[in-house]
1. If you go through region 202-254, how many residues are of a type in the set (F, W, Y) and either modelled with pLDDT under 95 or within 24 Å of L177 (Cα to Cα) (or both)?
2. Among the listed residues A112, A3, A116, A10, identify the single one that is loosely packed, with under 14 Cβ neighbours inside 10 Å and not charged (D, E, K, R).
3. Mind telling me which of the residues P238, P263, P222 ends up being within 16 Å of the ligand (Cβ to nearest atom) and either touching a helix residue (DSSP H, G or I) at 6+ places or on another chain (Cβ under 9 Å) or part of a loop (DSSP other than H, G, I, E, B) (or both)?
4. Is there a residue being outside the structural domain of L258 (by TED's automatic domain parsing) and either at pLDDT below 95 or under 26 Å from E150 (Cβ atoms) (or both) anywhere in region 62-85?
5. Name the residue, out of L110, L98, that is within 25 Å of G128 (Cα to Cα) and touching a residue at least 60 places away in the same chain (Cβ under 8 Å).
6. Looking at R233, is it near the ligand (Cβ under 10 Å from one of its atoms) and assigned by TED's automatic domain parsing to the domain that holds V145?
7. Please note which helices (runs of 4 or more DSSP H) are completely contained in region 107-200 and include at least 2 residues that are farther than 18 Å from S281 by Cβ and near the ligand (Cβ under 10 Å from one of its atoms).
Amino acid sequence: MTARIIDGNALAARVRGEIAEQAAQLAAQGVQPCLAVILVGNDPASAVYVRNKVSACEKAGIRSLRFDYPQDVTPGEVMAKLAELNADPAVHGILVQLPLPRQFDEAAVLEAISVAKDVDGFHAENVGRLSQSQEAFLPCTPHGVMKMLESEGVKVEGAEAVVIGRSNIVGKPMAMLLTNAGATVTVCHSKTRDLAFHTRRADIVVAAIGKPRFITGDMLKPGAVVIDVGINRLTEGPDAGKLAGDVDFASASEVAGLITPVPGGVGPMTITMLLANTVISASRAAARKGAA
Ligand code: NDP
């Protein structure tokens, strides 16, 4: 079997077009959607992510404010900026790029973002709301994966889904979203005894591991839907310097029914859902303004 490829770029472009229309409508009502992004330190990967987010905002008609701090900034200074942004009615979304330097308590920083502006969906209250199937800002990567499954018409209800990875930003919320959508979900991680036993019986596999080409075709059920969240820069071999996912695309695409590539799969959807959350927040602000 040769899998059909899910084109994340095409889906992201379509959804971003809809977001840009909504942003223009809000701007016409006097509420221009606005995302504030905080970057601390000089991690090159973080700088690229922030640049991509800011540029995606601009293209969608979302204003972005960027605040860069040196590696040794005090947590107090960043907390003060967060308090200011929380109180600013012109700011609808606030994002602190992770990871933060060692002097920071990351959880405390995420808690300091207003729940109503937490467009990354990492605040404990939004996570709790998600776990209770209440309306919440959904974390962008797993939300993007759900959008992909929906747009491909994948039946999630009743499916056996295996999520590999249990991080707070991908694995755990992914498992919650799939559970809420009616899948029977197994979460695997580094302590899982027999990973292939689980993946071989999965209708849907989501790999969020951070290990290049780790999931191979022989670990999959024929026809499975394979979503590769991983983004890894290869350091050796003939493809050194290139990006690879957590799935070995060559062997997996021979077995799977549907598969996402890396790059061009989940990645573009992550930023798209960040834009979507920012516009949702701005539309709530517009509704409040209209009601006032
Ligand atoms: P983390 O490092 O936080 O989590 C990795 C998870 O993989 C952990 O739960 C870990 O288990 C598990 N794991 C590690 N080794 C194994 C193994 N041998 N077998 C089974 N499970 C294993 O990573 P993230 O969740 O932040 O990211 C995962 C990947 O997704 C990375 O490549 C990252 O770059 C990418 N990513 C991509 C995004 C996108 O937009 N496409 C967005 C965010 C991340 P344990 O908990 O036991 O340590």
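1. Of the residues in region 202-254, the ones of a type in the set (F, W, Y) are 214, 249.
Retained after the next criterion (residues that are either modelled with pLDDT under 95 or within 24 Å of L177 (Cα to Cα) (or both)): 214.
Residues flagged as of a type in the set (F, W, Y) and either modelled with pLDDT under 95 or within 24 Å of L177 (Cα to Cα) (or both) within region 202-254 amount to 1.
2. Values: A112 fails: loosely packed, with under 14 Cβ neighbours inside 10 Å; A3 fails: loosely packed, with under 14 Cβ neighbours inside 10 Å; A116 fails: loosely packed, with under 14 Cβ neighbours inside 10 Å.
Going through A112, A3, A116, A10 in turn, just one is loosely packed, with under 14 Cβ neighbours inside 10 Å and not charged (D, E, K, R): A10.
3. Numbers: P238 fails: within 16 Å of the ligand (Cβ to nearest atom); P222 fails: within 16 Å of the ligand (Cβ to nearest atom).
The conditions single out P263.
4. Taking region 62-85 and keeping what is outside the structural domain of L258 (by TED's automatic domain parsing), we get 62-85.
Next, only the ones that are either at pLDDT below 95 or under 26 Å from E150 (Cβ atoms) (or both) stay: 62.
Checking region 62-85: at least one residue is outside the structural domain of L258 (by TED's automatic domain parsing) and either at pLDDT below 95 or under 26 Å from E150 (Cβ atoms) (or both).
5. Details: L110 fails: touching a residue at least 60 places away in the same chain (Cβ under 8 Å).
Selected residue: L98, the only one of L110, L98 that is within 25 Å of G128 (Cα to Cα) and touching a residue at least 60 places away in the same chain (Cβ under 8 Å).
6. Values: near the ligand (Cβ under 10 Å from one of its atoms): yes; assigned by TED's automatic domain parsing to the domain that holds V145: yes.
Yes.
7. Details: elements: 124-131, 140-151, 171-180, 195-199.
Per the criteria, 140-151, 171-180, 195-199.
Matching residues to (1) of a type in the set (D, E); (2) in contact (Cβ under 8 Å) with a residue 40 or more places away in the chain; (3) on the phi > 0 side of the Ramachandran plot:
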position: C188; (1), (2), (3): no, no, no
position: H198; (1), (2), (3): no, no, no
position: R201; (1), (2), (3): no, yes, no
position: I209; (1), (2), (3): no, yes, no
position: P222; (1), (2), (3): no, yes, no
position: D228; (1), (2), (3): yes, no, no
position: E236; (1), (2), (3): yes, no, no
position: G241; (1), (2), (3): no, no, yes
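The values are calculated or read from the model by the stated rules, or taken from the named source; none is laboratory data. Keep in mind it's a predicted model, so treat the numbers as computed, not measured. We place every Cβ from the backbone using ideal geometry, glycine too, and count neighbours over all the protein chains shown.
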